[in-house]
Each structure stands twice: as C-alpha cells, then as structure tokens.
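Engineer: Would you mind keeping the following structure in view while I ask a few things?
The values are calculated or read from the model by the stated rules, or taken from the named source; none is laboratory data. Values in this document were obtained by computation on a predicted structure and should not be read as measured data. Reconstructed Cβ throughout: ideal geometry from the backbone, glycine too, with neighbour counts over all protein chains shown.
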Amino acid sequence: MKVIEKINGFLRVICTVLLILMTSLVIFQVLSRKFLNISIAQVEEISRYCMIWVGLLGAALGISTKSHVAVELFRDKLPPKLQKAAILFSILVMALFFLILLFFGTQLSIQAMTQRSPSMPALKIGFIMFVVPITGAVALMNLAALFVQEVSSSSKSSMAGHSVKERS
C-alpha cells in the first residue's frame, strides 16, 4: 500500500504542477490578447493538454480517496450485506472500464505517434494521448487497493460478529 500511496502522491504533484502551469498560461494568454493584441496558439494548445492530463489523472486519483461519482441513494437503502456486494460490484465494473481504457488507450497512443501537434510540429500527439493508458493503469491500481480494503473490512466485521457470538 505504501507504494500505491507514493505513486498517488507523485501524481498529485504532477497534477498540481500542471494545474498551476495551465492557470498561468491561460492568464498569460488573456493578458497578451487584452494588452498586446496577440494570441499565441502554442499557449492555448499547451493549456488544453494540461487540462486533459489533470482531468484524467485526477479521475484516477479520485478513486484512491473514494471521490469518484457514485449513486449512493440506492445503495444506502440496501441491507448491509447487499451494500457491500453493490460496492464490490461497482469496483469490478469500474475496473472493467479502466481495463478497456488501458488496452485501447495504449493502442491509440501508439497509433497517434505519427500525428503531430498543429501548432507545435515537434510534439507527437501520441505523447499527449499517453495519459489515457496511464489513467487506466493508475485507476486499476487504486481500484485493486480499494477492493482489497473493502474485502478485508467485510471479513473483519464478519469475524468480529463471530467472536461476539462465540462469547455469548
């Protein structure tokens, strides 16, 4: 688990840096348009790429803190055992989605290596799209940790229930 925490911490730093960079670039772009009457295409494109990376990596990191979107209204109305089953089922469905994202994102990134950025020809689009399989991998890692956490918490609670019954 410590390795996962370190990876997530590193990715949080990357997201923070990219968010600061994106914000700075957008402010610079607004000011250059307002006061210098120029628009720099590269600035706009880099800020767009930063937003994509922050959004996707942030979604994968959100799983580690259980910040992902969940419909809790229905789950909370279920009995406790079914709630646990619903949680585990949702983790498995998300894992399937991120596995697909990892697989096809890798293929897409490789195929996009032949494409170049419109305003920065030296930049290959495949490098930008590589965030898709990275997101899939990080999300799968966090989902695996979440799955283990959920399973171990249910086994601990069931073991606690047995020990109380045995004492009676």
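Here's the yes/no breakdown for (1) β-branched (Val, Ile, Thr); (2) crowded, with 19+ Cβ neighbours inside 10 Å:
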site	(1), (2)
97	no, no
100	yes, no
107	no, no
113	no, no
125	yes, no
140	no, yes
143	no, yes
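Engineer: While we're here: What do you reckon, is residue 50 of a type outside the set (Ser, Thr, Tyr), surrounded by 16 or more Cβ atoms within 10 Å (Cβ to Cβ), free of Cβ contacts under 8 Å to residues at least 60 places away in the same chain and closer than 24 Å to residue 143 by Cα?
Structural biologist: On the way: of a type outside the set (Ser, Thr, Tyr): yes; surrounded by 16 or more Cβ atoms within 10 Å (Cβ to Cβ): yes; free of Cβ contacts under 8 Å to residues at least 60 places away in the same chain: yes; closer than 24 Å to residue 143 by Cα: no.
Answer is no for this residue.
Engineer: From (1) of a type outside the set (S, T, N, Q); (2) surrounded by 14 or more Cβ atoms within 10 Å (Cβ to Cβ); (3) farther than 24 Å from residue 122 by Cα, pick out the condition that doesn't hold for residue 45.
Structural biologist: (3)
Engineer: Same structure, new question: State all residues of the range 1-32 that are over 30 Å from residue 143 (Cα atoms) and surrounded by 14 or more Cβ atoms within 10 Å (Cβ to Cβ); if no residue qualifies, say none.
Structural biologist: Within the range 1-32, 25, 26, 29, 32 meet the criteria.
Engineer: Which pairs turn up if I take residues in the range 63-86 that are in contact (Cβ under 8 Å) with a residue 40 or more places away in the chain and look for partners that are of a type in the set (Ser, Thr, Tyr) and not in a loop (DSSP other than H, G, I, E, B) with beta carbon separation below 6 Å, at least 6 apart in sequence or on another chain?
Structural biologist: 84/154
Engineer: Next question, about the same structure. Among the residues of the range 33-42 satisfying the criterion of being farther than 28 Å from residue 11 by Cβ and polar (S, T, N, Q), which is surrounded by the most Cβ atoms within 10 Å (Cβ to Cβ)?
Structural biologist: To start, the set of residues in the range 33-42 that are farther than 28 Å from residue 11 by Cβ comprises 33-41.
After this cut, where a residue has to be polar (S, T, N, Q) as well, the list is 37, 39.
On the way: 37: 7, 39: 11.
Applying the filter and picking the extreme gives 39.
Engineer: Filter the range 147-166 down to the residues that are polar (S, T, N, Q) and modelled with pLDDT of 65 or more, then identify the one that is nearest to residue 59 (Cα to Cα). Spell out how you get there, then give the answer.
Structural biologist: As a first pass, look at the range 147-166 and keep what is polar (S, T, N, Q): 149, 152-155, 157-158, 163.
Of the ones still in play, those that are also modelled with pLDDT of 65 or more are 149, 152-154.
Values: 149: 19, 152: 24, 153: 24, 154: 26 Å.
So the residue we want is 149.
Engineer: Moving on. Can you tell me which residue within the range 106-146, out of those that are without any contact (Cβ under 8 Å) to a residue 40 or more places away in the chain and outside any helix (DSSP H, G or I), is nearest to residue 60 (Cα to Cα)?
Structural biologist: The selected residue is 130.
Engineer: Then there is this: Can you list the helices (runs of 4 or more DSSP H) lying wholly within the range 1-105 that have 2 or more residues being of a type in the set (D, E, K, R) and under 24 Å from residue 130 (Cα atoms)?
Structural biologist: Working: elements: 2-35, 41-64, 72-76.
In the range 1-105, the matching helices (runs of 4 or more DSSP H) lie at 2-35, 41-64.
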